[in-house]
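First the structure, in the form of structure tokens, and then the observations on it.
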Amino acid sequence: MFEYEQEIVNVLLSENENFKRLHSRHGELKEKVKDANSGIAPLDGYALDNLKKEKLHVKDQMAAIINHYRQNRLN
């Protein structure tokens, strides 16, 4: 995730508590989706869809923070 932004991600993980919390939450959701898809943690389709939507929402929030950081760094 955000492979091309790894330097910014590393800075944000050390400086921005909200980004750090979102990054952690995204990792948790990623594992839950992976476990559900592999059958380790069976979920119905509705619950799995909700997990995927939450994961995407968290990723979008992280992307917005990265973009904000990038814009402020350029100015």
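Do we have residue 51 as modelled with pLDDT under 95 and over 11 Å from the mean Cα position of the chain (by Cα) here? Talk me through it step by step, then tell me what you get.
Values: modelled with pLDDT under 95: no; over 11 Å from the mean Cα position of the chain (by Cα): yes.
It is false that residue 51 is modelled with pLDDT under 95 and over 11 Å from the mean Cα position of the chain (by Cα).
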Among the residues of region 5-49, the number that are under 12 Å from residue 62 (Cα atoms) and hydroxyl-bearing (Ser, Thr, Tyr) is 1
So the check is Cβ under 6 Å with 6+ separation or different chains; which pairs have a first residue in region 1-20 that's basic (Lys, Arg) and a second one that's assigned to a helix (DSSP H, G or I)?
20/13
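The values are calculated or read from the model by the stated rules, or taken from the named source; none is laboratory data. Only a predicted model underlies this, so the values are computations on that prediction, with no experimental measurement involved. Here Cβ is always computed from backbone atoms with ideal geometry, including for glycine, and neighbour counts include all displayed protein chains.
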